[in-house]
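This report refers to the structure that appears directly beneath it.
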Amino acid sequence: MRFTHQTLPQRVVFAAGESPAAVAAEVAAHGASRAMLIASDREKELADPIAGTIPLVLRHEEVVMHVPVEVAGRARRAAGDAGADILVSVGGGSTTGLAKAVALTTGLPIVAVPTTYAGSEATDVWGLTEGETKTTGVDARVLPASVVYDAALLTTLPGELTVASGLNALAHCVDSMWGPRADPIDRALAQEGIRALATGLPAVAGDPTGLTGIEQTLYGAYLAAVAFASAGSGMHHKICHVLGGMFNLPHAQTHAVVLPYVLAFNAPHAPEAEARVARAFGADTANAGLAALRRTLDAPRALRDLGMPEDGIARALQPITRAIPADNPAPVTDENLAALLKAAWAGTPID
Ligand code: NAD
């Protein structure tokens, strides 16, 4: 065995129902006294109790999915004008993404309080969009210094978003099995992440305000993101990135639809991943485990339902082929990739 694994430095706090005190403690631990709170107007009520416990100098509400450069520019100027010395983000991946964009140019530390299962809070990856082009990059400055997971903040997440966002986290785990830098530590974290998500998500579906199920799902989502940050984007994320950018598809839902097709495509060529994923689900095969979870959750099925045009299959083929890592477990050809995309577009059952 020979590999090099890098662990990202970050404090992680689980504190169900106690984020106001836990965030205040993190801000104090970083020696900060001028906090900029980033939370969209849709997440205002979740952020209000936290606003009351931190040394607040500014609330910033302009949050837009995929972080347009103009939006990032306004947030950076606001941080500078207010003399902020720490960023506190309360919201989903879009909100965390804006805090990262500010940290990228200012170097300010972030205390991230996630309200979805997207996992951006545990990665050093930033994303910015200019026109229709989304650029991503890796920078140590954007990794939140602290993460506070408060399950109570996810009791308001609508059921459909819980399912899509939870399956987005599951996709981080699956791609971590064969991403370009995947190592045995990533695979172990991802396997435990799948186990936690496969337990937590049905619990949340059955009891959307139950903190135990949400916390289990958050734990899985965190492990998923840690594994993914180390392993890097594999075939699944490359497909979703191209489709999302070309057709402006909703992020989490696109992942939820595409995942079973990529797993079925790669699993026969990746026996260790297949065995780990199957074991994590407690199922005979990886595909059967995912299919059973998706049935329980009534997961979204087809890209056409998300607004992707049918002729998009042909248009996306070359950009996706160029993006997929060369060492993907299954050999990729125009024919088998087109068949995969067609099936995901139509929602064709896999078996
Ligand atoms: P999002 O942040 O856009 O949130 C989706 C919707 O849910 C929004 O309307 C939001 O207001 C609402 N919402 C969020 N939390 C809620 C709650 N608790 N209750 C009620 N409503 C709530 O979506 P997302 O899926 O969390 O994040 C997607 C973005 O994150 C994409 O831009 C994606 O590229 C990025 N992302 C980045 C990384 C990374 O490592 N950099 C990882 C994952 C996702």
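Observations on the structure shown:
- For the chain, the spread of Cα positions along each principal axis, largest first, Å: 56, 43, 41
- The stretch between Thr136 and Ser33, if pulled fully straight at 0.36 nm per residue, gains 34.0 nm over its current Cα-Cα span.
- Here the dipole of the chain is about 420 debye; that uses its Cα centre as origin and unit charges on the Cβ of Lys and Arg (positive) and Asp and Glu (negative).
- Angle between the chain longest axis and helix 184-206 axis [Cα atoms, degrees, rounded to 10]: 80 degrees
- Size of electric dipole in segment 171-346: Cβ of Lys, Arg +1 and of Asp, Glu -1, about Cα centre, debye, nearest 20: 120 debye
- Dipole-positive endmost among Val258, Ala224, Thr321 within the chain (Cβ charges, Cα centre): Thr321
- Surrounding net charge for Asp311, when Lys and Arg each add one and Asp and Glu each subtract one, Cβ distance under 14 Å: +2
- Folded to 0 to 90 degrees: helix 19-29 orientation relative to the chain principal axis, Cα: 70 degrees
- Working value for segment 171-346: equivalent-ellipsoid semi-axes of 25, 19, 14 Å, each the square root of 5 times a Cα gyration tensor eigenvalue, largest first.
- Paramagnetic reach from Phe3 in segment 187-201 [backbone N under 14 Å; point 7 Å along Cα→Cβ]: 187-192
- A straight chain from Ala203 to Met246 at 0.36 nm per residue would run longer than the Cα-Cα distance by 12.0 nm.
- Surface per residue (accessible, 1.4 Å probe) for segment 11-154, Å²: 37 Å²
- When the helices of the chain are scored as -39500 (n - 2.57) per DSSP H run of n ≥ 4 and the total is divided over every residue, the value at 222 nm lands at -17000 deg cm²/dmol.
- Directionally averaged projected area (convex hull, Cα atoms, segment 108-223), nm²: 8.0 nm²
- Descending semi-axes in whole angstrom, ellipsoid equivalent of segment 213-305, from the Cα gyration tensor: 21, 16, 16
- For the pair Asp334 and Arg42, a Förster radius of 41 Å applied to the C-beta separation gives a FRET efficiency near 0.50, rounded to the nearest 0.05.
- Segment 19-75 and segment 193-225 have Cα centres separated by 25 Å.
- Taking Cβ atoms as reference points and 13 Å as the exclusive limit, the residues near Ile214 contribute a net charge of -3, counting Lys and Arg as +1 and Asp and Glu as -1.
- Taken about its Cα centre, segment 1-126 carries a charge dipole of roughly 340 debye when the Cβ of each Lys and Arg holds +1 and the Cβ of each Asp and Glu holds -1.
- Acute angle (nearest 10 degrees) that the helix 93-106 long axis makes with the longest principal axis of the chain, alpha-carbon atoms: 60 degrees
- Pairs of alpha carbons in segment 1-68 whose separation is greater than 14 Å (percent): 67 percent
- Average accessible surface for segment 179-329: 40 Å² per residue, computed with a 1.4 Å probe over protein heavy atoms with every protein chain in place.
- Taking a sphere under 15 Å around the Cβ of Arg141 and counting the other residues whose Cβ falls inside, with K and R at +1 and D and E at -1, yields a net charge of -2.
- For the pair segment 286-351 and segment 118-132, the centres of their Cα atoms are 23 angstrom apart.
- Built amide H within the under 5 Å cut-off of Thr115, gap 5+: Gly91, Gly92
The values are calculated or read from the model by the stated rules, or taken from the named source; none is laboratory data. Computed from a predicted model, the values in this text were never measured in an experiment. So basically every Cβ, Gly included, is an ideal-geometry build from the backbone, and we count neighbours across all protein chains shown. We work out accessible area using only protein heavy atoms, side chains counted, and drop any ligands, DNA or RNA first. Shrake-Rupley method; radii C 1.70, N 1.55, O 1.52, S 1.80 Å.
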